[in-house]
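**Student:** Below is the structure I would like to discuss, written out as structure tokens.
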Amino acid sequence: MRELASSRVVLAIAAIVVAGVSGPPAANADRIKDLTTIAGVRDNHITGFGLVVGLDGSGDDATSPMVRSSLTKMLKRLGITIEPSALKGKNVAAVMLTAELPAFAKPGMTFDVTISSLGNAKSLAGGTLLSAPLKGPDDRTWAIAQGALSVGGFVAEGATGSSSKKNHPTVGRLPGGATVEAAAPTVMPEREIVLVLNQPDFTTATRMRDAIIAALGADTARLGDAATVVVGVPADARGQVSQLIAKLEAIEVDPDVRAKVIVDEKTGTIVIGEGVSLRAAAITFGALTVEVDETQTASQPVAALAKGSTKIVPRTEIKVNEADKPMRIIHKAATVGDVAAALAALGAKPRDLVSILRALKAAGALRADLETL
């Protein structure tokens with residue numbers, strides 16, 4: 001596992017080194033559409049409860065009161081009356097539906113729904129969701145979902161109890177399975193358009209304001225704070241706000257980013273972001289190896305006629321090996337490629353690199369934010 005994690009780090013660092021050798025990339029501007037959202041224009045969370053039928057014996061337990069009660073009520077609405085105790089099959093599963101109602105959604109539009117098992121079903125593969133309402137926090141029905149599920153996994157069991165499982169078979173998708181019943185409650189701005197940055201930053205917000213003024217004219221935009229840029233709607237454009245928003249979304253801005261290093265210690269992944277630099281430092285680290293060897297030995301009575309019995313006794317041997325490495329000097333690195341090359345030259349394992357980065361940050365040599373996942 002350590003070798004596999006190490007290869008991931010080496011590959012990641014090697015890719016960064018290649019990018020650094022080829023020279024610093026030209027600044028690529030992003031569209032305002034990709035950097036912001038418009039205040040008041042957003043998706044809405046909606047949820048629902050439903051039943052998935054047609055499962056091949058992989059549904060909820062036959063005694064589940066949730067399935068029995070829901071299925072009985074549904075059949076009663078269809079004109080079929082049946083006792084709950086008569087339902088014994090495991091081809092039905094109770095599920096929760098979660099989805100995002102898009103902004104400006106109109107009746108008749110369709111969107112995807114995520115279906116998640118609510119009981120003890122083993123798999124939803126091959127199932128069909130019966131008609132189920134999707135509601136918002138206001139308890140109003142905004143959409144209706146129904147259709148065959150798409151599950152990217154499976155579970156197989158043998159008669160002796162052996163089983164094989166791939167991915168997560170108790171969660172599936174319903175592509176385009178929900179139909180909008182009521183228009184999404186979205187309010188269009190009238191007098192001013194508030195652009196909300198996805199990543200608040202004073203420098204990016206200032207550049208965005210300047211780019212808008214350069215494109216639309218003086219006094220057309222002002223800086224609210226690190227997260228918002230406010231654009232006034234001219235009197236002659238009050239009835240054409242959509243066209244004005246389209247012009248704003250097409251304006252390009254060069255966003256500023258914080259220097260950051262992301263460390264995922266669980267997988268041994270290290271990602272070095274743009275703007276990270278190093279100051280000169282001296283580093284030494286050691287490798288600690290602990291070997292535990294357990295063997296079984298037989299313990300017998302000392303005398304031939306002594307009372308007692310032969311027993312198996314475990315025997316444990318522990319070896320500790322700590323290998324020290326010489327101190328190494330890392331020189332000042334001003335680019336991402338230089339930082340990656342300096343770390344790769346140490347030849348450290350992923351866990352050692354994590355500790356080294358933390359120590360460099362504490363010493364002030366790592367000029368970046370260090371974030372551990």
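**Student:** Calculated FRET efficiency, residue 33 and residue 96, Cβ-Cβ r, R0 35 Å, to nearest 0.05?
**Tutor:** Working: r = 33 Å, r/R0 = 0.94.
With a Förster radius of 35 Å, E is 0.60.
**Student:** Okay, next question. Contour minus end-to-end for residue 86 and residue 53, with contour as 0.36 nm per residue of separation and end-to-end as the Cα-Cα distance?
**Tutor:** Numbers: separation 33, 0.36 × 33 = 11.88 nm, distance 1.64 nm.
10.2 nm is the gain from fully extending residue 86 to residue 53.
**Student:** Compute the semi-axes of the equivalent ellipsoid of the range 44-180, taking the square root of 5 times each eigenvalue of the Cα gyration tensor, and list them largest first in whole Å. Before the final figure, lay out each step's value.
**Tutor:** Working: eigenvalues 143, 80, 23 Å².
Value: 27, 20, 11 Å, ordered largest first.
**Student:** Using the beta-carbon distance between residue 369 and residue 295 and R0 = 51 Å, what value does 1/(1 + (r/R0)^6) give for FRET efficiency, to the nearest 0.05?
**Tutor:** Given R0 = 51 Å and the Cβ-Cβ separation, E is 0.55.
**Student:** Which GluC sites (Glu not before Pro) in the range 220-265 pass both tests, a DSSP loop state and at most 16 other beta-carbon atoms within 10 Å? Walk me through the numbers before you get to the answer.
**Tutor:** Numbers: sites: 249, 252, 265; in loops: 265.
Sites meeting the loop and neighbour criteria: 265.
**Student:** My understanding is that a pair violates if its Cα-Cα distance is over 30 Å; which of 73/122; 266/361; 76/135; 135/260 do that in this structure?
**Tutor:** Details: 73/122 24 Å; 266/361 20 Å; 76/135 22 Å; 135/260 40 Å.
Result: 135/260 exceed 30 Å.
**Student:** Here's something else I'd like to know. Please give, to one decimal in nm, the separation of the simple spin-label points placed at residue 173 and residue 250, each 7 Å out from Cα toward the Cβ.
**Tutor:** Spacing of the two 7 Å Cα→Cβ label points: 3.1 nm.
**Student:** How much length is gained on full extension from residue 346 to residue 329, taking 0.36 nm per residue of separation minus their Cα-Cα distance?
**Tutor:** Details: separation 17, 0.36 × 17 = 6.12 nm, distance 0.94 nm.
Gain in length upon complete extension: 5.2 nm.
**Student:** Can you compute the FRET efficiency between residue 225 and residue 265 using 1/(1 + (r/R0)^6), with r the Cβ-Cβ distance and R0 = 51 Å? Round to the nearest 0.05.
**Tutor:** Numbers: r = 35 Å, r/R0 = 0.68.
Efficiency, rounded to the nearest 0.05: 0.90.
**Student:** Further, regarding this structure: What is the Cα centroid distance between the range 203-239 and the range 71-129, reported in whole angstrom?
**Tutor:** Distance between centres, Cα-based: 47 Å.
All of the numbers you see were taken from the coordinates with simple rules; none came from a lab. The structure displayed is predicted, hence computed values, not measured ones. Counting neighbours? That spans all protein chains shown, and the Cβs are built from the backbone with ideal geometry, glycine included.
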